[in-house]
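What follows is a short report on a single structure.
Bear in mind these aren't lab numbers, they're just calculated from the coordinates by the rules spelled out. Everything numeric in this text was worked out from a predicted model, so none of it was measured. Positions of Cβ are backbone-derived with ideal geometry, glycine not excepted, and every protein chain shown enters the neighbour counts.
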């Protein structure tokens with residue numbers, strides 16, 4: 001009987017240890033995120049986050065090359081489209097006037113002082129407001145406006161007002177903005 005009591009005691013001990021191991025395994029399986037399905041869901045979520053981040057970052061690839069090309073393009077733009085003297089603006093407007101057959105009266109050039117104080121302004125560039133009256137046949141005035149918009153210099157038409165119209169001849173008050181390199 002001594003052997004049986006000892007065997008019973010060992011059996012109880014083994015059964016207790018196995019019960020404790022079973023309890024630990026059940027707790028482990030019941031914890032959130034530990035089941036195979038939860039792990040799979042977490043893995044899929046992380047893969048989706050990775051795809052989203054890759055899409056967000058994709059436009060930034062080779063940004064250094066893009067910025068370098070942009071700097072070259074801006075420099076080229078300044079050189080080709082922004083005059084360095086008032087006389088170049090005046091000569092260009094006169095050329096457009098002659099090519100389209102309109103007359104211009106009272107041309108006023110006014111530098112925009114507020115543009116210089118704006119912290120987002122272009123460096124070494126001055127905004128010039130031009131105010132003039134253009135007179136001619138409707139088609140010629142339309143050609144003049146179109147020529148200004150497509151000109152190699154930057155002319156931004158800000159406002160056009162009809163001032164008179166008689167027998168096919170119209171007069172328009174035109175307000176235009178352009179840019180001038182500061183010396």
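Miscellaneous remarks
- Degrees, to the nearest 10: 138-149 long Cα axis against longest axis of the chain: 50 degrees
- Over the range 34-81, the hull volume per residue, using the convex hull of the C-alpha atoms, is 57 Å³.
- Taking only the C-alpha atoms of the range 122-183, the Rg (one decimal) and the largest Cα-Cα distance, Dmax (whole number), read 13.6, 47 Å.
- Order of 104, 52, 148 - criterion: other Cβ atoms within 10 Å of each residue's Cβ, fewest first: 52, 104, 148
- Debye log10 I(q)/I(0) for the range 3-101, one point scatterer per Cα, at q = 0.17 Å⁻¹: -0.96
- Helix-only [θ]222 nm of the chain, DSSP H runs n ≥ 4, -39500 (n - 2.57) each, per residue, nearest 500: -18500 deg cm²/dmol
- Based on the Stokes-Einstein relation at 20 °C and a viscosity of 1.002 mPa s, and on the Kirkwood radius from alpha carbon pairs, the chain is assigned a translational diffusion coefficient of 90 µm²/s.
- Nearest-ten-degree value, helix 36-57 long axis tilted from longest Cα axis of the chain: 20 degrees
- Peptide packing for 134-147, 80-93, 6-19 was compared via the average number of neighbouring C-beta atoms within 10 Å per residue; ordered from the highest value, the list is 134-147, 80-93, 6-19.
- Here the contact order of the range 83-181, divided by its residue count and restricted to Cα pairs under 8 Å and six or more residues apart, works out to 32 percent.
- Rounded to 10°, Cα long-axis angle of helix 2-30 versus longest principal axis of the chain: 10 degrees
- Reported to the nearest whole Å, the Cα centre-to-centre distance from the range 138-183 to the range 1-72 is 70.
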